[in-house]
Amino acid sequence: MLPDPLPRPAPIGNEEYRARRAALMRQLPPDSAVLLPGAGLVTRSRDSEYPFRQNSDFHYLTGFPEPDALLLLLPGRIEGESVLFCQERDPSLEAWTGIRLGAEGAVREHGVDQAYENGERDARLEALLDGRTTLYLMLDDVEAMALADDVRGRLAARVRRGARPPRSYADLAPLLHEQRLFKSDGELALMRHAARISALAHRRAMRASRPGLAEFHLQAELEHEFRWHGGSGPAYASIVGGGANACVLHYIENNKPLREGELVLIDAGAEFELYAGDITRTFPVGGRFSDAQRALYEVVLAAQERAVAAVCPGATLAEIHDGVVRDLTAGLIRLGLLQGEVEARIEDESYKRFYLHSTSHWLGLDVHDVGEYRREGAPRPLAPGMVLTVEPGLYIPIDDDIAPEFRGIGIRIEDDVAVTAEGHEVLTADVPKRVADIETLLASK
């Protein structure tokens, strides 16, 4: 019997979207403007498109769910500071692709000050940007730059008749991405929900696992749970790596058999209301860890638990990563996979043969979310509202100088952690990660 779907948390409301736009505009100089295109449809093959997913920056400021939209922010404009351009209402097309909101619907449903259909865009952009000195946009966005150049060129052609084109472009990313780094209470509620769905999916995949299945069978279990509880699907390509496939960090083929005596690493998370969950667990296909698997796993687990405990305001990701490197290096020496003293192996970076990546990344609307990791050349201190992953791992190559019992073992353990005023909150604590708890869950299927 299928479980009841989880109750949905409240969506982000228009008041919060308005507050986000206002907070961004407060950072802008007078007579500036923001130009931000949304995402468009992407062809998958011939007449078929990939499922539409809105641009994260555009969603953050509008919540508007349709393709081919454009947001203009005009600080201080009396007629309205937020202007949205969107697709036209067209009943003949809507019969095929679904109802469009149109300009009136955009104002009514999404709280922007004004909206126009895309057919009016070019002419209105000239008038709206005339006299705006600095135009803020994503400088690495080809579409945005082309649109800005076009409007600027048309205004420049009318300078003798009094037009005043923008004199310069400025990068919107540092301002907007710093704002996105700090999650509101509403965002944290959505992220808890994405994490809870992701946790249920991992538990389901663990219970389904058995020798003889393929990696894609566990992927199917995961992604069924994502959709069952209202997620839009995976937040990124699900990784299900059995045996030595776990040593490939971004393994997504997921087409090999699961074998008795091997571990399987699952790195997968649900997307809910565009917010990402991101969990990694590693467990034995047959239900019980071998002695070598357990020994290596305990090294990673101890490093991960200590790193999670270190998350608090004022700590830095660099400090947390350095602690993980020290713990993993010491464990590798204890197990004979490295030789010598801990400090020497850290200094010569020989541990990187087994630990190739950083311990953390930001999490939010993007699985590798935006926001600077350093300020003024130094690692930035953590602060309440930030959400990050903690994901140490060890990946043992199949090489002749490695003890046979360790060859081809890949282990990663990852949780999503929110920084709070008191310390931290582990959003993904519902998935077991201690050996006894994992083996108990696997035995209960």
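One table, with the values for the structure above:
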read-out: Of residues in region 69-86 being hydrophobic (A, V, I, L, M, F, W, C) and part of a strand (DSSP E or B), the one surrounded by the fewest Cβ atoms within 10 Å (Cβ to Cβ); value: LEU70
read-out: Count of region 102-122 residues which are open to solvent by less than 30 Å² (accessible area, probe 1.4 Å) and in a helix (DSSP H, G or I); value: 5
read-out: Members of region 399-432 found to be part of a helix (DSSP H, G or I) and hydrophobic (A, V, I, L, M, F, W, C), listed by number; value: PHE406
read-out: So ARG21, is it among the basic types (Lys, Arg) and open to solvent by 70 Å² or more (accessible area, probe 1.4 Å); value: no
read-out: Residue list for region 1-28, restricted to those being of a type in the set (A, V, I, L, M, F, W, C) and under 19 Å from GLU109 (Cα atoms); value: ALA10, ILE12, ALA19, ALA22
read-out: Identity of the residue in region 148-169, of a type in the set (A, V, I, L, M, F, W, C) and open to solvent by less than 20 Å² (accessible area, probe 1.4 Å), that ends up farthest from GLU376 (Cα to Cα); value: ALA163
read-out: Conditions (1) surrounded by fewer than 17 Cβ atoms within 10 Å (Cβ to Cβ); (2) in contact (Cβ under 8 Å) with a residue 40 or more places away in the chain; (3) farther than 21 Å from THR359 by Cα: number failed by PHE289; value: (1)
read-out: Residue among ASP57, ASP47 that alone is buried (at least 16 other Cβ atoms within 10 Å of the Cβ) and either among the charged types (D, E, K, R) or more than 18 Å from LEU35 (Cα to Cα) (or both); value: ASP57
read-out: Qualifying residue in region 87-97 (condition: free of Cβ contacts under 8 Å to residues at least 12 places away in the same chain, among the polar types (S, T, N, Q) and either farther than 22 Å from ARG18 by Cα or in a strand (DSSP E or B) (or both)); value: yes
read-out: Residue in region 362-383 that is closer than 19 Å to LEU328 by Cβ, open to solvent by 10 Å² or more (accessible area, probe 1.4 Å) and under 24 Å from the mean Cα position of the chain (by Cα) present; value: no
read-out: Some residue of region 387-397 being open to solvent by 10 Å² or more (accessible area, probe 1.4 Å), in contact with a helix residue (DSSP H, G or I) (Cβ under 6 Å, 6 or more places away or on another chain), in a loop (DSSP other than H, G, I, E, B) and of a type in the set (A, V, I, L, M, F, W, C); value: no
read-out: Candidates ARG434, ARG412 - the one that is basic (Lys, Arg) and open to solvent by less than 20 Å² (accessible area, probe 1.4 Å); value: ARG412
read-out: Search result, residues across region 182-196 that are of a type in the set (A, V, I, L, M, F, W, C) and either open to solvent by less than 20 Å² (accessible area, probe 1.4 Å) or at positive phi (or both); value: LEU190, MET191, ALA194, ALA195
read-out: Residue satisfying all of: in region 399-440; under 23 Å from SER350 (Cα atoms) and small (Gly, Ala, Ser); nearest to the chain's Cα centre (by Cα) among these; value: GLY410
read-out: Exclusive hit being out of contact with any strand residue (DSSP E or B) (no Cβ under 7 Å at 6 or more places or on another chain) and buried (at least 17 other Cβ atoms within 10 Å of the Cβ), set GLY331, GLY336; value: GLY331
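Every residue, every condition in (1) free of Cβ contacts under 8 Å to residues at least 12 places away in the same chain; (2) more than 33 Å from the chain's Cα centre (by Cα), yes or no:
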| site | (1), (2) |
| --- | --- |
| GLN114 | no, no |
| THR133 | no, yes |
| ASP141 | no, no |
| ALA146 | yes, no |
| SER168 | no, no |
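A quick yes/no check of all residues on (1) open to solvent by 30 Å² or more (accessible area, probe 1.4 Å); (2) closer than 23 Å to ILE402 by Cα; (3) of a type in the set (S, T, N, Q); (4) part of a loop (DSSP other than H, G, I, E, B):
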| residue | (1), (2), (3), (4) |
| --- | --- |
| SER198 | no, no, yes, no |
| ALA201 | no, no, no, no |
| MET206 | no, no, no, no |
| HIS224 | yes, no, no, no |
| GLU260 | yes, yes, no, yes |
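The values are calculated or read from the model by the stated rules, or taken from the named source; none is laboratory data. Please read these numbers as outputs of a predicted model, since none were measured by experiment. Note that each Cβ is placed from the backbone with ideal geometry, even for glycine, and that neighbours are counted across all protein chains shown. When the accessible area is computed, the model is the full protein with side chains, heavy atoms only, and any ligands, DNA or RNA have been set aside. Shrake-Rupley method; radii C 1.70, N 1.55, O 1.52, S 1.80 Å.
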